[in-house]
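The values are calculated or read from the model by the stated rules, or taken from the named source; none is laboratory data. Just so it is clear, the structure is predicted and the values come from calculations on it, not from any experiment. Cβ placement follows ideal geometry from the backbone for every residue including glycine, while neighbour counts extend to all protein chains displayed.
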Amino acid sequence: MHSIRSRLALASCALLSQQGFAQGIDNDWVVDSSFLNYSESDDRVVVNKVIAAVNGNVSTKDSVDLQLVYDTMSGATPTGLVFDPAGAGETITGVSGGSFSTGGGNGGTLAEFEDTRLAAKLDWSHQYNRTLGATYGTAISVENDYQSAGLSLNIAKDTDSRLTTFTAGLASTFDTISRTGGDTPLPLSNLADPESDVMVEAATRHTYEALVGISRILNVRTIAQFNMTLGVSAGYHSDPYKLVSIADPGVTPVPRGAIYESRPEDRTRRSLYGKVAHQLESGNILHLSYRHYEDDWEVVSDTVESRYMWKLSRGSFIEPSIRWYTQSAAFFYTHFLDSGIYDAADFNTLPQFVSADYRLDGLESITYGVKYGTPIFTGGKLRLRAAFVQQTYDDSEFDQNEAIVVQVSFKNVFQ
């Protein structure tokens, strides 16, 4: 029996190390670093991300994992407005304090921005006995117009056979949202009268999440995982930079005014996630995963992903992947509001909730990716990843988007 368990444990470690269902504890310290570039087509959003992490044991039962993230974000992002070739030229505070005019060359549909983010995450894991462990975490993220702080607790319980692991987790975050370079607007504020309704102080939002899950070693080559999550949040959910046009309908809508978006102050989210990792007789590993998500904003999404790790010589591998994602629109999403019904200057005519943010529109996305990894030096691992993203939206002003992702990572184990 001991021999079988050892073989299963070795197989599960080989499978899990590729994605991180769970990680065994040893006496090594690991330093992991990564650089990622995300670039959208047509000179839109560009993100550069640097990640540095270190983890290792501090005692026979305790380990620590520290991660630092630094992002730079720039480019142009959709405002939610429809194109206005004869815009009145209102000056609008854009993302991160940048400004743009509705009479500009893009008719107010895009706003240039530039921002940075610094985040840190610290996890402390304690193994209470051979089958029970817990991880206590804290995280903080700071941007010019957004701050977030959170706490988390995750518990893992193995069966005596060590073939099954039950997990449970709780997390809570507190966010502060503001608008750089100007007062934060109240939802549904009239763009043409920016001084009428402003939220002088930053808005806040609380989020609570719970997770329960199970992972099971099915045989010497196969392991499966299943998770359920529930999240609730309350507070300011609106984006203080996003706008909604009030326009005459037609083949080409004619803008007559604009308001700031308004989202519900509560949101409940539910998701189911399942994954199977199987090692073939050749040693190659196939990963299949599926995620279903839904919330009370009527956003429903499904994600299917497949990855195949093809082992090469001398510890190298290449891993092609494909990811398909589809999403329904939020119940309050609209391309624009009909000027025959709604008036930006008359609050009583406006709907309670409305947004033209393309991220809340119906969406279908396909991502094609490939990763290459190889050992270098003593205890080092180099990974290179590239991905191509294609997105199609149902009703947004910009109904197509493409992006390229490039990532370089280096991990080193100090023994």
Among the residues of the range 122-134, which ones are more than 22 Å from the chain's Cα centre (by Cα) and in contact (Cβ under 8 Å) with a residue 40 or more places away in the chain?
TRP124, SER125, HIS126, GLN127, TYR128
In the range 265-283, which residue that is surrounded by fewer than 16 Cβ atoms within 10 Å (Cβ to Cβ) and of a type outside the set (Gly, Ala, Ser) is farthest from the chain's Cα centre (by Cα)?
GLU281
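Please tell me if PRO194 is in a loop (DSSP other than H, G, I, E, B), surrounded by 15 or more Cβ atoms within 10 Å (Cβ to Cβ) and modelled with pLDDT of 80 or more.
no
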Single residue of the range 366-383 satisfying the filter (in contact (Cβ under 8 Å) with a residue 12 or more places away in the chain and not in a strand (DSSP E or B)) that is surrounded by the fewest Cβ atoms within 10 Å (Cβ to Cβ)
PHE377
Only residues that are more than 28 Å from the chain's Cα centre (by Cα), buried (at least 16 other Cβ atoms within 10 Å of the Cβ) and either within 17 Å of GLN67 (Cβ to Cβ) or in contact (Cβ under 8 Å) with a residue 40 or more places away in the chain (or both): list them for the range 149-166, please.
LEU163
Of all residues in the range 388-410, which are surrounded by fewer than 18 Cβ atoms within 10 Å (Cβ to Cβ) and part of a strand (DSSP E or B)?
PHE388, GLN390, THR392, GLN400, GLU402, ILE404, VAL405, VAL406, VAL408, SER409, PHE410
Taking LEU218, is it free of Cβ contacts under 8 Å to residues at least 60 places away in the same chain, within 29 Å of the chain's Cα centre (by Cα) and part of a strand (DSSP E or B)?
no
Checking ASP248, ASP239 in turn, the sole residue that is within 23 Å of VAL300 (Cβ to Cβ) and either buried (at least 20 other Cβ atoms within 10 Å of the Cβ) or of a type in the set (Asp, Glu) (or both) turns out to be ASP239
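Of all residues in the range 346-404, which are among the small types (Gly, Ala, Ser) and touching a helix residue (DSSP H, G or I) at 6+ places or on another chain (Cβ under 7 Å)?
Selection gives SER396 alone.
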For THR204, indicate whether it is among the hydroxyl-bearing types (Ser, Thr, Tyr) and in a strand (DSSP E or B).
yes
Does at least one position in the range 137-148 carry a residue that is more than 30 Å from TYR241 (Cα to Cα) and either within 23 Å of the chain's Cα centre (by Cα) or of a type in the set (Val, Ile, Thr) (or both)?
yes
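Run down ASP145, ASP123, ASP115 and say which single residue is of a type in the set (Asp, Glu) and at pLDDT 95 or above.
So the residue among ASP145, ASP123, ASP115 that is of a type in the set (Asp, Glu) and at pLDDT 95 or above is ASP123.
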Taking ILE177 as the residue in question, decide whether it is farther than 30 Å from THR222 by Cβ, hydrophobic (A, V, I, L, M, F, W, C), surrounded by 18 or more Cβ atoms within 10 Å (Cβ to Cβ) and modelled with pLDDT of 90 or more.
yes
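Going through VAL251, VAL276 one at a time, which residue ends up being β-branched (Val, Ile, Thr) and in a strand (DSSP E or B)?
Matching residue, one of VAL251, VAL276: VAL276.
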If a residue has to be more than 28 Å from VAL304 (Cβ to Cβ), modelled with pLDDT of 95 or more and surrounded by 13 or more Cβ atoms within 10 Å (Cβ to Cβ) to count, how many in the range 344-365 make the cut?
5
I'd like the residue in the range 307-342 that is among the small types (Gly, Ala, Ser) and under 19 Å from the mean Cα position of the chain (by Cα) and, out of all such residues, is farthest from VAL405 (Cα to Cα).
ALA330
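For the range 47-65, which residues satisfy the criterion of being of a type in the set (S, T, N, Q), surrounded by 15 or more Cβ atoms within 10 Å (Cβ to Cβ) and farther than 19 Å from THR138 by Cα?
ASN48
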